[in-house]
Amino acid sequence: MNFKMNHTVMDWSEGLDTQSFSGLALLKAASAQGARAADILGRHQVLESLAAYDPEVVGTLPLAIGTPESDIDILCRVSDLAAFDAFADERFGGFDGYSRHLRNATRHVAEALVVCFDCEGLPIEIFATNGPTRTQYGFIHMLVEARILSVMGDAFANDVRALKQSGLKTEPVFAKLLGLAGDPYIALAELAELSPSELCERLDVPRN
């Protein structure tokens, strides 16, 4: 997917723009669970190890809507998956539960290498594919979900947590609660191009 930074996207304030999600600050401030995850990632220098691959931490923990079983998702931009496979073996192969597998290309996502391991009991998944991390679906979904949570409020966030506790995945939960038709992953991503007022209008809520 090509994420185009048009003028409406730039209307979002600090905290809800694309620049606000890098590093560990948002994760650390999100919740006690997020703070613990940020501490583990920091002490083990996970992002520092991945610095050459433009890593971005994404998922539910930076948004404070995770469950006790939630993992940390890290997106990477990788042009040579075989070389990254060897790097991952060397850097992360000693961690508990280490595994990796190739994910075949789909209509919307290029071939990817998925690396999984546990770090002090924290499940970590690295998604490596040949595309800028901030245009990958994982980042776009987190960005859109943060904006939706901002305009919908605490009651909506509680509904998201409740449905996730029942076992549903995050994007289908948002789509279900918002009544979005079609593929929930595509439907959510399409909201990334909306300005604050356009998103409020689409969701039929007053703008704060």
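Can you tell me the relative contact order of region 9-202? Whole percent, Cα pairs under 8 Å, sequence separation 6 or more.
Values: 273 pairs, mean separation 39.2, N = 194.
Dividing the mean separation by the residue count of region 9-202 yields 20 percent.
Can you give me the pair-distance distribution of the chain, C-alpha pairs, 5 Å bins, whole percents?
1, 7, 15, 19, 20, 17, 12, 6, 2, 1, 0
Run the quick spin-label model on GLU190 and ASN130: label points 7 Å from Cα toward the beta carbon, then report their separation in nm to one decimal.
Result for the modelled spin labels: 2.9 nm.
Quick one: if you stick a label point 7 Å off each Cα along the C-beta vector at ARG207 and SER166, how many nm between them?
3.3 nm
Could you please report the charge total around ASP71, scoring K, R as +1 and D, E as -1 over all other residues with beta-carbon less than 14 angstrom from its beta-carbon?
Details: positive: ARG36, LYS164, LYS169; negative: GLU69, ASP73, ASP96, ASP118, GLU120, GLU125.
So the environment of ASP71 carries a net charge of -3.
Find how much the distance from GLU198 to ALA110 grows on full extension, using 0.36 nm per residue of separation minus their present alpha carbon separation; answer in nm with one decimal.
Values: separation 88, 0.36 × 88 = 31.68 nm, distance 3.01 nm.
Extra length from GLU198 to ALA110 when fully extended: 28.7 nm.
Placing +1 on the Cβ of each Lys and Arg and -1 on the Cβ of each Asp and Glu in the chain, which of TYR53, VAL173, ILE65 has its Cα farthest towards the positive end of the resulting dipole?
It is VAL173.
Could you check which residue among GLU48, GLU69, GLU120 shows the biggest mean-square fluctuation in a GNM of the chain with a 10 Å Cα cutoff?
Of GLU48, GLU69, GLU120, the most mobile in the Gaussian network model is GLU69.
With helices defined as uninterrupted DSSP H runs, which ones in the chain have an alpha carbon span along their own long axis of at least 27 Å and mean Kyte-Doolittle hydropathy of at least 0.5?
none
Once the piece of chain linking ALA52 and GLU120 is laid out straight, how much longer is it, given 0.36 nm per residue of separation minus the C-alpha distance between them? Present the calculation step by step, with values, prior to reporting the outcome.
Numbers: separation 68, 0.36 × 68 = 24.48 nm, distance 2.42 nm.
Going from the current span to full extension adds 22.1 nm.
Using the Karplus curve 6.51 cos²θ - 1.76 cosθ + 1.60 with θ = phi - 60°, work out ³J(HN,Hα) for each residue of region 61-67 in order, rounded to whole Hz, and write x for Gly and Pro.
Karplus-based 3J(HN,Hα) across region 61-67 equals 5, x, 9, 6, 10, x, 10 Hz.
Net charge within 14 Å of ALA128 by Cβ-Cβ distance, Lys/Arg positive one each and Asp/Glu negative one each, not counting ALA128 itself? Kindly include the intermediate steps, with their values, before the conclusion.
Values: positive: ARG77, ARG91, ARG100, ARG103; negative: ASP54, GLU56, ASP73, ASP80, ASP85, ASP89, GLU111, GLU125.
Result for the local shell: -4.
Calculated from DSSP H runs of 4 or more alone, at -39500 (n - 2.57) each and per residue, what is the 222 nm mean residue ellipticity of the chain, nearest 500? The partial results should precede the final answer.
Working: 9 runs with 85 residues, N = 208.
One gets -11500 deg cm²/dmol as the mean residue ellipticity at 222 nm.
To the nearest 0.05, what FRET efficiency results for GLU90 and ASP183 with a Förster distance of 35 Å applied to their C-beta separation?
Details: r = 37 Å, r/R0 = 1.06.
Once the sixth-power term is evaluated, E becomes 0.40.
Highest mean first, how do 126-133, 21-28, 176-183 rank when packing is the count of other Cβ atoms within 10 Å averaged over residues?
Values: 126-133: 20.2, 21-28: 17.9, 176-183: 12.8.
The most tightly packed comes first, giving 126-133, 21-28, 176-183.
Charges on Cβ only, +1 for Lys and Arg, -1 for Asp and Glu, centred on the Cα centroid of the chain; of PHE127, ALA88, LEU143, which one is farthest towards the dipole's positive end?
Result: LEU143.
How big is the antiparallel share of DSSP beta bridges in region 9-202, given as a percent to the nearest 5? Write out the running numbers ahead of the final one.
Details: 17 of 23 bridges.
The antiparallel fraction comes to roughly 75 percent.
Enumerate the aspartates and glutamates that LYS169 could reach by cross-link, defined here as Cα to Cα under 17 Å, with residues fewer than 8 away along the same chain left out.
Within the straight-line limit of under 17 Å, LYS169 reaches these aspartates and glutamates: GLU69, ASP71, ASP73, GLU125, GLU145, ASP159, ASP183.
Once all Cα-Cα distances of region 13-127 are split into 5 Å bins that start at 0, what whole-number percent is in each one?
Going from the shortest bin to the longest, the percentages are 2, 11, 21, 24, 19, 14, 6, 1, 0.
Given a Förster distance of 30 angstrom, what is the FRET efficiency for ASP80 paired with SER22, based on the Cβ-Cβ distance and rounded to 0.05? Present the calculation step by step, with values, prior to reporting the outcome.
On the way: r = 23 Å, r/R0 = 0.78.
Step by step, r from the Cβ atoms, then E = 0.80.
Laboratory data are not the source of any read-out in this text; all were calculated from the coordinates shown. The shown structure was predicted, so the numbers you read here are calculated from the model rather than taken from an experiment. Backbone-built Cβ (ideal geometry, glycine too); neighbour counts: all protein chains shown.
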